Amino acid sequence: MNDKKSGSPVQQSLETVLTHHGRVPDDQFGFVNTPVYRGSTVLFKTLADIEAQQQRFLYGRAGNPTTESVEAVITALEGAHRTRLVPSGLAAITVALLSCVQAGDDILVTDSAYEPSRTFSDGFLARMGVTTRYYDPRIGAGLAELMRPNTKAVLAESPGSLTFEVQDIPALAKAAHEGGARLIVDNSWASPLYLQPLALGADIVVHAGTKMFVGHSDAFAGTISTTEESWAGVDRVRRELGIFTSGDDAFLVARGLRTLAIRMKEHQQRALEIASWLETQSEVVQVLHPALPSHPDHALWQRDFTGSGSLFAVLLAPAPRASVAAFVDGLSLFSMGYSWGGYESLCLPVKLGKNRTAVPWTAQGNLFRLHIGLEGVEDLKADLAAAIERYSLAR
Ligand SMILES: *Cc1c(COP(=O)(O)O)cnc(C)c1O
């Protein structure tokens, strides 16, 4: 980052990066924001120009000023070599994995992984001749024992977005590197404001930009940020697959990023307040939120993270399906649906079964995942208190 006047590098806070990076008003007639660039063809003036291929933009599929405006911000936040914007969080995971493997290789995926990552690994990668094994998210340095000569990638997600195990990223990175593999970390929960996996030894960081970056449940996006060593592979796979994100979607990501810091702060505070309050409520067996002292991985979270996200889960005492239905069907502020990261609160009943293979999920009771939005905290508590009461009565 350069100081505007002196042009010399300066260390700036993440808030300043979010508000000032990735936009150059002088290139946009003085307008503050980089606008939506739509375009396929980029024109060359002369034969010499098209032969030299030295223009900043050559063809729209490789990116445009709007997509680059997002990439610049995420690169700075993650302390990365470079970043690519892709059309979804899932695309970020699949491109990252594909950049590490070829037929005959093996990968290790955390048992707590976002479920479509498993579908991709067990389906697409298996068809391409890549094997996948799942590991205990709490394995840490024990990962070394699972490494095989052909293991080329380790996928971590910290915390897991359904069950909230925190992963020991430095230990995983060490084991992966000693075994000749790359470590990919899904950092969607914390955002780069509260965790920077590259600094902890990861090689590739992916985000579901759809969630906190966009922040308004109105667009899809993903990002892939890498070290210098891992960049060429990611860029090649993205280019070869023809993966491109439109200027319209990129604009919504850039717009969301400008307020990410204050939104994260508010989501964090509300989520923590509701999580602590839930711990005192009847029917609640456990609240799975890494920033709570009761969480089994709290010490690890404290060591590596500087804040916490909007998302956590609550385990209620065993009760039949009628109780689960009574809980969610009568909610007035929390809505039921996939995804998270928007301004509105969400509640999702979680079924863990086939999607846990390394460490079976044995907790008794019903698990609900909550995304705490920007509504009034007391209103949200009242909505949940009434839901717990209905849960009890329906038993
Ligand atoms: C939602 C999500 C994804 C996938 O993002 P999409 O944009 O929906 O494809 C990946 N990882 C995590 C942790 C998520 O929550």
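The values are calculated or read from the model by the stated rules, or taken from the named source; none is laboratory data. The structure presented is a predicted model; accordingly, all values stated were derived computationally and were not measured. Cβ placement follows ideal geometry from the backbone for every residue including glycine, while neighbour counts extend to all protein chains displayed. SASA here: full protein model, heavy atoms, side chains in, ligands and nucleic acids out. Shrake-Rupley method; radii C 1.70, N 1.55, O 1.52, S 1.80 Å.
Which of the three applies to region 288-384, rounded, prolate or oblate, going by the alpha-carbon gyration tensor with a ≥ b ≥ c and a/c under 1.5 meaning rounded? Oblate is the answer for region 288-384, as a/c is 1.5 or above yet b/c matches or exceeds a/b. Shape class of region 106-195 from the Cα gyration tensor (axes a ≥ b ≥ c, square roots of the eigenvalues): oblate, since a/c reaches 1.5 or more and a/b does not exceed b/c.
Per DSSP H run of at least 4 residues, take -39500 (n - 2.57); add these up for the chain, divide by its residues and hand me the 222 nm value, nearest 500 deg cm²/dmol. Intermediate results must be reported in sequence, preceding the final value.
Values: 13 runs with 134 residues, N = 395.
For the chain, the value works out to -10000 deg cm²/dmol.
Projecting the Cα atoms of Leu300, Phe57, Val36 onto the charge dipole of the chain (Cβ charges, centred on the Cα centre) puts Phe57 farthest toward the positive pole. Placing pseudo-labels 7 Å out from each Cα toward the beta carbon at Asp122 and Met336 gives an inter-label distance of 2.4 nm.
Ala322 to Thr46: FRET efficiency via 1/(1 + (r/R0)^6), r the Cβ-Cβ distance, R0 56 Å, to the nearest 0.05? After rounding, the FRET efficiency stands at 0.15. Residues Met336, Met212, sorted by accessible area with the largest first, give Met336, Met212 [1.4 Å probe; ligands and nucleic acids excluded].
Using a Förster radius of 51 Å, what is the FRET efficiency between Thr357 and Gln54 based on their Cβ-Cβ separation? Nearest 0.05, please. Between Thr357 and Gln54 the formula returns 0.55. For region 14-257, the per residue solvent-accessible surface stands at 41 Å², with DNA, RNA and ligands left out and a 1.4 Å probe. For a modelled paramagnetic label at Trp277, 7 Å from Cα along Cα-to-Cβ, the residues of region 303-321 in reach, with backbone nitrogen under 17 Å, are 310-315. Shape class for region 7-127, computed from the alpha carbon gyration tensor (a ≥ b ≥ c): oblate, with a/c not under 1.5 and a/b at or below b/c. Using the Cβ-Cβ distance between Glu115 and His216 with R0 = 22 Å, the FRET efficiency computed as 1/(1 + (r/R0)^6) comes to roughly 0.40.
Take the solvent-accessible surface of the protein heavy atoms, probe 1.4 Å, and return the percent of it on region 261-393 that carbon and sulfur atoms account for.
Heavy-atom surface of region 261-393 belonging to carbon and sulfur, 1.4 Å probe: 56 percent.
For region 1-143, which whole percent of the accessible surface, found with a 1.4 angstrom probe, sits on carbon and sulfur atoms?
54
Judged by the mean number of other Cβ atoms found within 10 Å, the most tightly packed of the peptides 259-272, 71-84 leads the ranking 71-84, 259-272. What is the distance in Å between the Cα centroid of region 75-95 and that of region 281-360? Spelled out, the Cα-based centre of one part sits 26 Å from the other.
Asp379 exposes around 90 Å² of accessible area when a 1.4 Å probe is run over every protein chain in place.
Hydrodynamic analysis of the chain uses the Kirkwood radius over alpha carbon pairs. Inserted into Stokes-Einstein at 20 °C and 1.002 mPa s, it gives a translational diffusion coefficient of 97 µm²/s.
Per-residue surface analysis assigns Glu344 an accessible area of about 50 Å², computed on protein heavy atoms at 1.4 Å probe radius. The solvent-accessible area of Val214, taken with every protein chain present and a 1.4 Å probe, is close to 0 Å². Per residue, the accessible area of region 261-393 comes to 45 Å² when a 1.4 Å probe rolls over the protein heavy atoms.
Evaluated with a Cβ-only charge set (Lys, Arg +1; Asp, Glu -1), region 14-257 carries a dipole of roughly 420 debye about its Cα centre, given to the nearest 20.
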